[in-house]
Amino acid sequence: MSTYAIIPQEQWVDELIERFPNAPLIQNYRVLVFADAEAGQLKSDYSERGIVELSSYIEIIEHMEVDLKPWVILQVEPLREVMQYFNPPSYEVI
Amino acid sequence: MRNDLLAQIVIASGGTVTNKDDRNALLSDWLAAVESPQIEVARLDGATQYWQLSEEISVPSGGSIELDLMYDSANQSEIEYVLTSELNSDTSLFFTSKEALRAGSSGYISDVLVDGVSAVTLPYDDTFHTIKCIISGDLASVGILGARFNYTRNSSGVIKSFRVRDDSGLVINEIPLTNKAQGATQLATVGSVNATMINYTGDEWEPLP
């Protein structure tokens, strides 16, 4: 298992583009993926950004749609739901 | 080199540390790991991860692209991409719903065989199945496994190996994706094209079922 963080695009550009060059873009956010063992260190290193841990994909979507800045720490299941929401099944299948 | 660093190398190579205070034992552990690489498979997360080939492979007409692919019976995912070329989905294999496999509308993949039989489904049954994409025409290519070319779709399956054959059935590219010690970049055993897992963390590996 891995842990994920959804962070504002501008913070990724300013600070984390080299460490996470292939972070997927969703709306104005980037998705970082890191080993579970790194999660504590990452949260410590970037705590001043504000960090929330959310498990409900509905809450995560609301967070993104109102353009909140704190990082969202989440697991893969809600992340898949969020990605599905912003790229619905009828879009770009073929 | 310090023993603790040596122990880390043993673990990173897929080995087991028998005695962290015995340098000779650590060296022996490391040799055992390198000589008998741990065979595991890497589970893609279905969201951010995929295998990027080091260069796009042109597949000749009459040739084939093959994958050994497994989906868990508990997997509920539906719209997913198994493979594509790099710039478009002309050469592509994807799910339109759970278990329902389809190839891109270009016709570059003219038939899909699952375990040797023409099929439009891939069972989600905890078992590896060999998917063989039969190629027609000289425009087919593959550069990405486990995602769409623009990365809006991914795969949450487990790909154990990847092969390309020419029109005589000869394997011209092969990459086993099972060498944990190699980490993110898995090296070819046939041909010179390797595969790198994008957004790799090291947490993806699991024993073969």
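Laboratory data are not the source of any read-out in this text; all were calculated from the coordinates shown. Fair warning: this is a prediction, and the values are worked out from it, not measured in the lab. A quick note on method: Cβ atoms are made from the backbone with ideal geometry, for glycine too, and the neighbour counts reach across all protein chains shown.
Any idea what log10 I(q)/I(0) is at q = 0.14 Å⁻¹ for chain A, Debye with uniform C-alpha scatterers and no solvent?
Listed by q, the Debye log ratios stand at -0.48.
Need one value for A:30-37: mean number of C-beta atoms belonging to other chains within 10 Å of its residues' C-beta atoms. Intermediate results must be reported in sequence, preceding the final value.
Details: counts 0, 3, 2, 9, 4, 5, 3, 3.
Partner-chain Cβ atoms within 10 Å, mean over residues of A:30-37: 4.
List, largest first, the extents of the alpha carbons of the stretch B:1-156 along their principal axes, each in whole Å.
60, 34, 30
Around A:Val76, under 13 Å between beta carbons, what's the net of Lys plus Arg minus Asp minus Glu among the other residues? Don't jump to the answer; show the numbers that get you there.
Details: positive: A:Arg80, B:Arg43; negative: A:Asp36, A:Glu77, A:Glu81, B:Asp45, B:Asp203, B:Glu204.
Residues close to A:Val76 contribute a combined charge of -4.
Taking R0 as 30 Å, what FRET efficiency do you get between B:Thr127 and A:Asn28 from their Cβ-Cβ distance, rounded to the nearest 0.05? Mind showing how you got there, number by number?
Details: r = 41 Å, r/R0 = 1.37.
The formula returns an efficiency of 0.15 here.
Between A:Glu10 and A:Ser44, what is 0.36 nm times their sequence separation minus the Cα-Cα distance? Round to one decimal in nm. Present the calculation step by step, with values, prior to reporting the outcome.
Numbers: separation 34, 0.36 × 34 = 12.24 nm, distance 1.99 nm.
Gain in length upon complete extension: 10.3 nm.
Could you give the nm distance between label points at A:Ile17 and A:Gln75, where each point is 7 Å from its Cα heading toward the beta carbon?
Those two pseudo-labels are separated by 3.4 nm.
Need one value for A:76-86: mean number of C-beta atoms belonging to other chains within 10 Å of its residues' C-beta atoms. Numbers along the way, then the final one.
On the way: counts 6, 3, 1, 4, 8, 1, 1, 6, 5, 0, 1.
Across A:76-86, the average partner-chain Cβ count within 10 Å equals 3.
So what's the angle, to the nearest 10 degrees on a 0 to 90 scale, between helix B:3-12 and the longest Cα principal axis of chain B?
Helix B:3-12 and the main axis of chain B meet at about 20 degrees.
Let me confirm one metric for peptide B:146-155, namely the mean number of other chain beta-carbon atoms within 10 Å of its residues' beta-carbons. Mind showing how you got there, number by number?
Working: counts 0, 1, 4, 0, 1, 3, 9, 7, 3, 0.
Mean shielding by partner chains, rounded to a whole number: 3.
Quick one: dipole size for the stretch B:125-209, taken about the Cα centre, charges +1 on Lys/Arg Cβ and -1 on Asp/Glu Cβ, in debye to the nearest 20.
120
For the residue pair B:Ser61 and B:Trp205, what label-to-label distance in nm results when each label sits 7 Å from Cα along the Cα-to-beta-carbon direction?
If labels sit at B:Ser61 and B:Trp205, their model points lie 4.4 nm apart.
Any idea what angle helix B:23-35 forms with the longest principal axis of chain B, computed on alpha-carbon atoms, 0 to 90 degrees, nearest 10?
Rounded to the nearest ten degrees, it is 20.
Quick one: which of B:Lys98/B:Lys132; A:Lys43/B:Lys20; B:Lys132/B:Lys160 span more than 21 angstrom between C-alpha atoms? Don't skip to the answer; put the middle values down first.
Details: B:Lys98/B:Lys132 19 Å; A:Lys43/B:Lys20 31 Å; B:Lys132/B:Lys160 14 Å.
Long pairs (Cα-Cα over 21 Å): A:Lys43/B:Lys20.
Could you list the residues of the stretch B:147-180 with an amide nitrogen less than 15 Å from a label point located 7 Å from the Cα of B:Asp138 in the Cα-to-C-beta direction?
Counting only backbone N, you get B:167.
For the charge dipole of the stretch B:73-176, defined by +1 on Lys and Arg C-beta atoms and -1 on Asp and Glu C-beta atoms about the Cα centroid, which residue among B:Ile131, B:Val158, B:Asn173 has the Cα displaced farthest towards the positive pole?
The listed residue farthest towards the positive side: B:Val158.
In percent, what relative contact order does chain B have, based on Cα pairs under 8 Å that are 6 or more apart in sequence? It would help to have the intermediate numbers written out before the result.
Details: 555 pairs, mean separation 60.3, N = 209.
Taking the mean separation of contacting Cα pairs over the length of chain B, I get 29 percent.
Mind checking the dipole of the protein assembly as shown: about its Cα centre, +1 per Lys or Arg Cβ, -1 per Asp or Glu Cβ, Debye to the nearest 20? Please list the in-between numbers first.
Values: 19 positive and 44 negative charges, 61 e Å.
Approximately 300 debye in magnitude.
Separation between the B:Asn150 and B:Leu87 pseudo-spin-labels, each 7 Å from Cα along Cα→Cβ, expressed in nm?
Modelled inter-label distance: 1.5 nm.
Tally Lys/Arg at +1 and Asp/Glu at -1 over every other residue whose Cβ is under 13 Å from the Cβ of A:Ile61; what's the total? Can you show the working numbers first?
Values: positive: A:Arg80; negative: A:Glu59, A:Glu62, A:Glu65, A:Asp67, A:Glu81.
That works out to -4.
Give me the number: length gained by fully extending B:Ser168 to B:Ser105, i.e. 0.36 nm times residue separation minus the C-alpha to C-alpha distance, one decimal in nm.
20.2 nm
In the protein assembly as shown, what is the volume of the convex hull around the alpha carbon atoms, normalised per residue and reported in Å³?
On the way: hull volume 43.6 nm³, N = 303.
Looking at the protein assembly as shown, the number lands at 144 Å³ per residue.
Can you give the helix-only mean residue ellipticity at 222 nm for chain B, where every DSSP H stretch with n ≥ 4 adds -39500 (n - 2.57) and the sum goes over all residues, rounded to the nearest 500 deg cm²/dmol? Walk me through the numbers before you get to the answer.
Numbers: 2 runs with 23 residues, N = 209.
That calculation yields -3500 deg cm²/dmol at 222 nm.
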